[in-house]
Amino acid sequence: MTEDFGTLFNTIPLTTEKHLDVLLDTMDKSRAIFILQQAVNHAFKQGAFTLGESEVLGKAIRISSESTTDEEKLNEID
């Protein structure tokens, strides 16, 4: 039986405390950026940012997403 430990930022399900430990222990740059993006999106939905702050964060997320994708493509070539 799978217990429901919780959900991070309303988007990342966790089944157990061990699942959280694995997430933390195996986090790489790509996963870290994804989690930061989810946290910012969650905070935005909660009304944590002004319109200007939201615009800046949205641009930062788009740029970080592009950078991650470009790095993954380069790693595939190597």
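The values are calculated or read from the model by the stated rules, or taken from the named source; none is laboratory data. A quick note: this is a predicted structure, and the numbers were derived from the prediction, not measured. Cβ atoms come from the backbone with ideal geometry, glycine included; neighbour counts cover every protein chain shown.
Per-structure values
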read-out	value
Tally, over the stretch 13-43, of residues that are closer than 22 Å to S65 by Cβ and touching a helix residue (DSSP H, G or I) at 6+ places or on another chain (Cβ under 6 Å)	4
Number of the exception - N10 against (1) in contact with a helix residue (DSSP H, G or I) (Cβ under 7 Å, 6 or more places away or on another chain); (2) surrounded by 14 or more Cβ atoms within 10 Å (Cβ to Cβ); (3) modelled with pLDDT under 90	(2)
Enumeration of residues in the stretch 38-61 that are of a type in the set (G, A, S) and surrounded by 14 or more Cβ atoms within 10 Å (Cβ to Cβ)	A39, A43, S54, G58
Pick from the stretch 1-33, criterion farther than 23 Å from A43 by Cα and assigned to a loop (DSSP other than H, G, I, E, B), ranking: nearest to the chain's Cα centre (by Cα)	T26
